[in-house]
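The values are calculated or read from the model by the stated rules, or taken from the named source; none is laboratory data. None of the values given here were measured: they were computed from a predicted structure. Note that each Cβ is placed from the backbone with ideal geometry, even for glycine, and that neighbours are counted across all protein chains shown.
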Amino acid sequence: MTPGQSIRKFCIRCVGSAREVNKCGGHRMFGDDGNDDGQCWFYKFRMGRGRPSVKIIRKHCLECMGGSYKLVAGCGEKCPVHQYRLGKNPNYIQKRTKRTEKNLAETTS
């Protein structure tokens, strides 16, 4: 699942249904006030459009855990954005690692 798809799934869970996501005003996220300007971090990506940065997910997770980096790292919540909570895309890291291994194998042959 991409970060955008994860955010969409999160938004559906937050408001209760896909139909309600469209009506969302972005003024809350699971009862929070959202970020400093009163909008939730995910509002502009709620419809599954755009290309969100995993850094946005990181900001949300930090807010959710009261600003504690340790709590974010140890989070066991079954949340749609959980795999991106550290601000890194694990799918990209796996692809890069496989590419590096392939390059090493080619150079040693």
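List of remarks:
- Of all residue pairs spaced 6 or more apart or on separate chains, those with beta-carbon atoms under 7 Å, a first member in the range 62-81 that is at pLDDT 90 or above and a second member that is of a type in the set (Lys, Arg) and in a loop (DSSP other than H, G, I, E, B) are VAL72/ARG85; CYS75/ARG85.
- Scanning the range 1-24 for residues that are within 19 Å of ILE56 (Cα to Cα) and not β-branched (Val, Ile, Thr) turns up MET1, PRO3, GLY4, GLN5, SER6, ARG8, LYS9, PHE10, CYS11, ARG13, CYS14, CYS24.
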